[in-house]
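Notes follow the structure.
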Amino acid sequence: MFIARLLVIIGALNWGLIGLFGFDLVAFLFGGQMSLISRLVYTLVGVAGVVLIGDLVGNQQRA
């Protein structure tokens, strides 16, 4: 879960930068939005979000 949370934090910070400044840090660091590494990072952030949704739903059902 630590890695999923870390990836979601990275994604949230990147979206914050996009919203505030129009600056995509992931694309800047890895050669544009369509570069293989950028797309991999975006995909991993999305998967991490789905994992954390599943964790949240699972925790709510136990409570």
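The values are calculated or read from the model by the stated rules, or taken from the named source; none is laboratory data. Everything quoted here is computed from the prediction, not taken from an experiment. Glycine gets a Cβ as well: all are built from the backbone with ideal geometry, and neighbour counts include every protein chain shown.
Restricting to the stretch 35-62, count the residues that are over 13 Å from the mean Cα position of the chain (by Cα), among the small types (Gly, Ala, Ser) and surrounded by 13 or more Cβ atoms within 10 Å (Cβ to Cβ). Within the stretch 35-62, residues that are over 13 Å from the mean Cα position of the chain (by Cα), among the small types (Gly, Ala, Ser) and surrounded by 13 or more Cβ atoms within 10 Å (Cβ to Cβ) number 1. The residue of the stretch 7-34 that is nearest to Gly58 (Cα to Cα), among those that are under 8 Å from the mean Cα position of the chain (by Cα) and of a type in the set (A, V, I, L, M, F, W, C), is Val8. Right, Gly32: outside any helix (DSSP H, G or I), among the small types (Gly, Ala, Ser) and either surrounded by 12 or more Cβ atoms within 10 Å (Cβ to Cβ) or touching an Asp or Glu at 6+ places or on another chain (Cβ under 7 Å) (or both) or not? In short, yes. Here is a check on your reading of the model: is Leu7 modelled with pLDDT of 95 or more, surrounded by fewer than 15 Cβ atoms within 10 Å (Cβ to Cβ) and out of contact with any strand residue (DSSP E or B) (no Cβ under 9 Å at 6 or more places or on another chain)? The answer is no for Leu7.
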